[in-house]
Amino acid sequence: MEVIDQFREDHRIVRDGLIELASALESRDLEKAGKVLGDLNKLLGPHFRFEEEALYPTLRKFLGEYVDQLLSEHDVAIRSAREVAELISKGDVSEDEAKVAANKTRSLLVHVSNCDGLAILAERLDEEEINSLWKKLTDLREEGVPLLEWAEKIKARV
């Protein structure tokens, strides 16, 4: 079940990245914040795309309409990433701007935690579904489209 292991490892990386990003924003270390956001952008493009194009549709049989909430949470995360990227690009941020951005970043941790819990449901998938998910994840990682590029050029909503 390598796909589930990789999926969970992504969440650990994102968890740590969001915590680091929030800290960098609070201290107004825009260079560090930009690097962390860039790393998250690269990881989350294939990850979000995998979830939306493969995992969530497959898990809908267990989750029903809850999948729609997960998709909405992705939209919020993408908008937050855009806002933080714009803030960082200003080159100078006020203490209040930094605090708001850090809080917005921390709020995304709830989705990471909830989404990681989907792994327990994915364990109930049959071998064919697991193999299909693994192929999709590896293909999307190979393609490597970053989150904000994917959201702008490929994704249907946001």
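Brief remarks follow.
- Of all the numbered requirements in (1) part of a helix (DSSP H, G or I); (2) closer than 23 Å to Arg79 by Cα; (3) in contact with a Phe, Trp or Tyr (Cβ under 9 Å, 6 or more places away or on another chain), Leu148 misses one, and that requirement is (3).
- Every residue from the stretch 114-128 that is modelled with pLDDT under 95, of a type outside the set (A, V, I, L, M, F, W, C) and assigned to a helix (DSSP H, G or I): Asn114, Asp116
- Total residues in the stretch 6-33, condition more than 16 Å from the chain's Cα centre (by Cα) and surrounded by fewer than 17 Cβ atoms within 10 Å (Cβ to Cβ): 5
- No other residue among Val76, Val67, Val3 is β-branched (Val, Ile, Thr) and either in contact (Cβ under 8 Å) with a residue 40 or more places away in the chain or crowded, with 22+ Cβ neighbours inside 10 Å (or both) apart from Val3.
Rundown of residues vs (1) touching a Ser or Thr at 6+ places or on another chain (Cβ under 9 Å); (2) over 16 Å from Glu152 (Cα atoms); (3) among the β-branched types (Val, Ile, Thr), yes/no style:
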position: His74; (1), (2), (3): no, no, no
position: Arg79; (1), (2), (3): no, no, no
position: Ala85; (1), (2), (3): no, no, no
position: Ile88; (1), (2), (3): no, yes, yes
position: Asp92; (1), (2), (3): no, yes, no
position: Ala101; (1), (2), (3): yes, yes, no
position: Lys104; (1), (2), (3): yes, yes, no
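- Of Gly91, Gly64, all but one fail to be modelled with pLDDT under 95 and of a type in the set (Gly, Ala, Ser); the exception is Gly91.
- Long-range neighbours under 8 Å by Cβ, at least six apart or interchain, first residue under 25 Å from Arg15 (Cα atoms) within the stretch 115-138, second buried (at least 18 other Cβ atoms within 10 Å of the Cβ) and small (Gly, Ala, Ser): Ile130/Ala122; Leu133/Ala54; Leu133/Ala122; Lys136/Ala54; Leu137/Ala54
- Of residues in the stretch 44-98 being more than 18 Å from the chain's Cα centre (by Cα) and among the aliphatic types (A, V, I, L, M), the one farthest from Thr138 (Cα to Cα): Val93
- Residues that are closer than 27 Å to Phe62 by Cβ, surrounded by 15 or more Cβ atoms within 10 Å (Cβ to Cβ) and not aromatic (Phe, Trp, Tyr), drawn from the stretch 133-156: Leu133, Lys136, Leu137, Thr138, Leu140, Arg141, Leu147, Ala151, Lys155
- Taking the criterion of being of a type in the set (A, V, I, L, M, F, W, C) and touching a Lys or Arg at 6+ places or on another chain (Cβ under 6 Å), the residues of the stretch 135-157 that qualify are Leu140, Trp150.
The values are calculated or read from the model by the stated rules, or taken from the named source; none is laboratory data. On a predicted model such as this, the values are computed, not experimentally measured, just so you know. For neighbour counting, all protein chains shown are included, and Cβ atoms are generated from backbone atoms with ideal geometry for every residue, glycine included.
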